[in-house]
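Chemist: My questions all concern the structure below.
Quick note: the coordinates plus some simple rules give every number you see, no bench work behind them. A quick note: this is a predicted structure, and the numbers were derived from the prediction, not measured. Using ideal geometry, Cβ is built from the backbone for each residue, glycine included, and neighbour counts are taken over all protein chains shown.
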Amino acid sequence: MTFNNTDEIYEKLCSWIGDSEESNWTEYSTELVAKTILIDFKDQHWSRLEQEILEKPEYWQQRCAVSLGEDRTEHAIKILKLLLSNSKYKDVKIIAIYELDWAEVPMEKKYSSHIKEIVDSTPPTEVETEFYSLLKKSEAAPQ
């Protein structure tokens with residue numbers, strides 16, 4: 001699938017997330033991104049994000065994950081699950097765990113190993129209840 005480089009809505013997302021970690025980002029940015037940009041996403045925007053997100057830097061994936069957690073649509077959940085299973089950044093996977101648990105969405109069994117990997121690689125005093133909650137939900141899912 002090819003994408004039009006002048007796609008305004010997708011470029012607006014990229015602009016909001018920023019081109020570096022130093023880019024302006026506040027606790028309110030995630031809600032604004034969800035309510036003013038992601039709400040206007042069409043299938044082609046979601047598809048582009050799904051194809052490109054894993055190539056983005058860690059800060060970008062983190063900011064996007066939190067915004068997707070605010071959005072909580074089917075497309076957003078799908079990309080959060082992609083980040084959980086395929087991001088190369090542990091902190092991004094942790095954010096995805098939080099957002100997926102808070103969204104109270106069904107989890108497939110195939111995500112259990114990814115959640116367990118995070119639990120096992122995190123000091124016991126830093127493992128939050130959301131980790132266990134999502135793991136339990138995933139392990140209880142049918143094959």
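Chemist: In this model, which of Lys35/Lys137; Lys110/Lys137; Lys88/Lys137; Lys56/Lys109; Lys12/Lys88 are farther than 21 Å apart at the alpha-carbon?
Modeler: Pairs exceeding 21 Å: Lys35/Lys137; Lys88/Lys137; Lys56/Lys109; Lys12/Lys88.
Chemist: For the ranges 115-125, 46-56, 99-109, 66-76, what's the packing order if you count other beta-carbon atoms within 10 Å of each residue, average per peptide, and put the highest first?
Modeler: Values: 115-125: 12.5, 46-56: 15.5, 99-109: 17.2, 66-76: 20.0.
Order by mean packing, descending: 66-76, 99-109, 46-56, 115-125.
Chemist: Right, another one. Suppose only helical runs count, i.e. DSSP H with n ≥ 4. What mean residue ellipticity at 222 nm does that imply for the chain under -39500 (n - 2.57) per run, divided by all residues and rounded to the nearest 500 deg cm²/dmol?
Modeler: -19000 deg cm²/dmol
Chemist: Over region 1-135, what lengths in whole Å, largest first, do the semi-axes of the equivalent ellipsoid take, defined as the square roots of 5 times the eigenvalues of the alpha-carbon gyration tensor?
Modeler: Result for region 1-135: semi-axes of 25, 16, 14 Å.
Chemist: Oh, and also: Counting only C-alpha contacts under 8 Å and six or more residues apart, can you give the relative contact order of the chain as a whole percent? Mind showing how you got there, number by number?
Modeler: On the way: 143 pairs, mean separation 26.3, N = 143.
18 percent.
Chemist: If I model a spin label at Glu31 and Cys14 as a point 7 Å from the Cα along the Cα→Cβ vector, what separation in nanometres do I get?
Modeler: Result: 2.8 nm between the two label points.
Chemist: About the Cα centre of the chain, how large is the charge dipole given +1 on each Lys and Arg Cβ and -1 on each Asp and Glu Cβ? Please answer in debye to the nearest 20.
Modeler: Roughly 520 debye, rounded to the nearest 20.
Chemist: Next question. So if R0 is 22 Å, what FRET efficiency would Thr122 and Glu50 give, r being the distance between their Cβ atoms, rounded to the nearest 0.05?
Modeler: So, using R0 = 22 Å, E works out to roughly 0.25.
Chemist: Let me ask another. Which length gain, in nm to one decimal place, applies between Glu22 and Lys109 when the Cα-Cα distance is subtracted from 0.36 nm times their residue separation? Mind dumping the intermediate values first?
Modeler: Working: separation 87, 0.36 × 87 = 31.32 nm, distance 3.74 nm.
Extra length from Glu22 to Lys109 when fully extended: 27.6 nm.
Chemist: If you don't mind, another one. All other residues with a Cβ under 12 Å from the Cβ of Glu104 taken together, and with Lys, Arg as +1 and Asp, Glu as -1, what is their net charge?
Modeler: Taking every Cβ under 12 Å from that of Glu104, the sum is -1.
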